[in-house]
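What follows is a set of notes on a single structure, which appears directly below.
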Amino acid sequence: MISPASGVDYTFTSEESGSILGDNRRGQAIVSIACMPGIDMSSALQISASFGANSVQYALTNPCPVHGYVTQLIARGRGLYDYNVDTYLTDNASSVNTYGVREETIDMPLQTSINVGKDVGDYLLSWLKDPHYVVNRVTFFGDEAILDVGGIGTMKIGDTFIVGVTTTNSLTAGLKVEPGSKISIAESVTGIGQIYDVNGVEIEITPGNTPQGAELIKFTFSVVQADTTHYWVLNTDALDEGTKLAW
């Protein structure tokens with residue numbers, strides 16, 4: 001990538017429209033002509049760019065005593081192009097016979113190893129070859145629990161979900177869960193029975209209308225199905241004996 005150049009990659013003016021007035025200030029004592037209103041102040045703008053694999057972050061500093069507008073800001077560099085692209089196709093005959101062909105294309109533009117691509121494809125196939133419900137959120141209060149399931153919507157469940165190893169009290173369960181916790185959700189009608197990682201926790205407290213002033217505490221967890229694969233641990237597990245090497 002090329003470092004931003006004044007007047008080429010960015011334009012900084014005192015006019016929001018980007019227009020530049022003619023300089024009719026000859027004979028005046030001007031400390032910094034680059035910071036005067038009505039002219040191009042691009043040369044005064046201090047700018048730095050931090051480039052990532054597919055993104056850029058700019059840090060802009062206006063040293064002038066007047067406000068300015070960045071009316072152009074572009075990132076220039078040499079493009080990356082795929083030549084002799086390697087393609088790896090993996091499928092599961094049993095799944096195809098039972099459910100038909102369901103294609104998923106994974107593009108890895110910055111990956112140079114076909115072996116990594118094969119491992120990613122095999123891993124995704126092992127997870128996606130059988131249909132399963134995708135649980136996005138679980139909300140519970142008192143003895144009632146509601147699941148937000150992709151493709152279905154919200155549904156009440158009567159089965160108990162487990163936090164950690166044991167608990168059936170919803171208040172205790174909610175207070176024990178933090179982002180990064182694992183929970184097990186089981187629902188008999190849909191057959192949902194998976195371990196999930198908790199990515200977010202919401203707690204809503206509503207004042208009660210009873211004479212005792214009891215409060216309703218509602219917990220909502222944002223979840224994603226956990227990877228329960230037993231990966232190979234160096235100096236502990238034996239490769240290819242019930243484990244796989246993780247990238």
| remark: So Glu178 and Asp82, fully extended at 0.36 nm per residue minus their Cα-Cα distance, gain in nm 30.3 nm
| Length gain on complete extension for the stretch Ile74 to Ile217, per 0.36 nm per residue less the alpha carbon to alpha carbon distance? | 46.5 nm
| note | Gln72 neighbourhood, Cβ < 14 Å, K/R = +1, D/E = -1, net charge -3
| How long is the gain from Asn115 to Trp127 if the chain were fully straight, where each residue apart is worth 0.36 nm and the alpha carbon distance is subtracted? | 2.5 nm
| field | Approximate spin-label separation Asp227-Met108, in nm, with each point projected 7 Å along Cα-to-Cβ | value | 1.2 nm
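Every number in this text was worked out from the coordinates using simple rules, so none of it is lab data. Please read these numbers as outputs of a predicted model, since none were measured by experiment. Note: ideal-geometry Cβ built from the backbone for every residue, glycine included; neighbour counts use all protein chains shown.
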